[in-house]
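The structure appears below as structure tokens.
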Amino acid sequence: MKYTKKDFALSVLGISIYILDLIVDIWVSFRFFHEGKYVFGVLTVSFMLFGTLVVQCFSYSWYKSDLKKTGQEHLHYFLLLHCLQAGVFTRYWLALKKGLHLAFKPSNKASDCTEGQIDAHEELKYNVTDLTMLRLFETYLEGCPQLILQLYILMDHDQMNASQYAAIFVSCCAISCSTVDYQKALRNSLPDKNTLKRCPRCIYFVYKLLTLLSWMLSVVLLLLLNVKIALFLLLFLWFLGIMWAFKEQTQFCASRGMELLYRVVVGFILVFTFFNIKGQNTKCPMFCYYVLRVLATLWILIMFWVCPPIDLNSEYFVIISITTALILFLGIIFLIVYYGNLHPSKSEEKIPDEIDGKPVQKDCRMRHFLME
């Protein structure tokens with residue numbers, strides 16, 4: 001499949017949102033320190049550093065693995081770039097430079113499908129998929145905690161400035177867009193997977209956004225009720241996610257150390273949304289996941305109304321509670337519509353993949369991580 005002008009535009013949009021998210025986070029943290037809110041400032045910076053450090057580790061690990069497969073010499077300056085937190089930007093620069101050449105290069109129909117050109121387009125597709133996954137990791141590791149923090153400040157302190165509203169908006173956009181972009185790029189890079197069409201993509205976007213926001217609001221309500229209980233619940237869910245990754249014996253990374261880090265990241269993302277961590281049928285795990293999500297949300301709402309905070313603004317929080325329940329219900333409806341009628345696998349031919357121990361057309365690490 002060719003790398004088109006539309007793909008190039010999406011890559012430009014991806015790096016733009018990535019940079020905008022970084023700028024807004026720096027702006028928010030600066031405002032917190034300037035206003036003397038040092039705890040919020042430290043938390044914001046910590047979320048940023050956690051996300052970017054993990055992403056740089058994965059980026060450099062994949063870079064070394066790819067060079068080893070092709071027998072190329074290791075370039076030490078790339079290690080320096082990752083230490084300086086510039087590895088992802090370098091990947092984007094190289095991908096955009098190559099994408100500009102392939103997408104806008106004048107072509108003639110007689111020579112447009114040579115083997116070399118096809119290989120160049122496929123290689124770029126895989127590189128873009130790597131980038132979308134790195135951005136996906138970064139937005140969940142940094143964006144989700146950041147969004148919870150800003151929503152907590154909005155509800156508890158009722159004092160927000162423009163930078164915090166911008167952080168909420170950009171975090172929502174970054175999380176949702178990175179999820180959809182990754183799913184689209186993944187299916188474009190795997191030859192045995194159907195592409196995600198416009199209508200299913202929109203339904204998928206809404207389902208992910210609504211289920212994620214409902215959980216965010218639920219967590220914030222629990223934080224308002226009792227911070228210790230909320231943190232215990234999040235850490236417990238993180239631990240369960242890690243244990244499930246170990247149980248599934250994921251094989252995403254080449255090295256043992258990076259595989260352990262991957263499972264930790266997997267557990268963290270599972271706190272907020274469901275995904276297929278091993279590229280296999282997950283109908284039953286997904287059903288159990290969202291049943292638990294609904295039960296947990298109902299438990300939080302019941303706890304909130306049985307033991308409400310002392311300084312509760314009842315009218316305001318009635319609206320928040322109804323909104324949380326409603327968007328969760330709508331999210332589940334969109335989930336059922338997507339997987340019941342619009343999921344690309346409905347029209348896919350069943351082809352054994354690498355996990356089954358049979359050869360596939362192309363070795364791709366993303367086959368082991370299929371966001372659902």
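For the pair Asn226 and Met286, a Förster radius of 30 Å applied to the C-beta separation gives a FRET efficiency near 0.50, rounded to the nearest 0.05.
Taking the Cα centre of segment 247-303 as reference, the dipole from Cβ charges on Lys and Arg (+1) and Asp and Glu (-1) amounts to some 80 debye.
The amide H of Asn276, built 1.01 Å from its N in the peptide plane, has Leu370, Met371, Glu372 as neighbours under 5 Å, considering only residues 5 or more places off or on other chains.
If R0 is 30 Å, the Cβ-Cβ spacing of Thr4 and Arg256 corresponds to a FRET efficiency of close to 0.20. Spin-label pair Glu315-Lys247: with each label point 7 Å from Cα along the Cα-Cβ axis, the two points sit 4.7 nm from one another. The phi-based Karplus calculation (6.51 cos²θ - 1.76 cosθ + 1.60; θ = phi - 60°) puts the 3J(HN,Hα) values of segment 325-341 at 5, 5, 6, 5, 4, 5, x, 5, 4, 5, 4, 5, 5, 5, 7, x, 9 Hz, whole numbers, x for Gly and Pro. Altogether, the Stokes-Einstein calculation at 37 °C and 0.692 mPa s, with the Kirkwood radius of segment 238-312 over Cα pairs as Rh, returns a diffusion coefficient of 232 µm²/s. Place a point 7 Å from the Cα of Ser46 along the Cα-to-Cβ direction; which residues of segment 131-156 have their backbone N under 17 Å from it? Hits in segment 131-156 for Ser46 at 17 Å: 141-153. Exceedance of the 21 Å cut-off in Cα-Cα distance is limited, within the set Lys6/Lys125; Lys125/Lys283; Lys2/Lys69; Lys6/Lys197; Lys68/Lys125; Lys97/Lys197, to Lys125/Lys283; Lys2/Lys69; Lys97/Lys197.
With a Förster radius of 45 Å applied to the beta-carbon distance between Leu326 and Ile26, the computed FRET efficiency rounds to 0.85.
None of the figures in this text is laboratory data; all of them are computed from the coordinates on show. Because the structure is predicted, anything quoted here is derived from the model rather than measured. Counting neighbours? That spans all protein chains shown, and the Cβs are built from the backbone with ideal geometry, glycine included.
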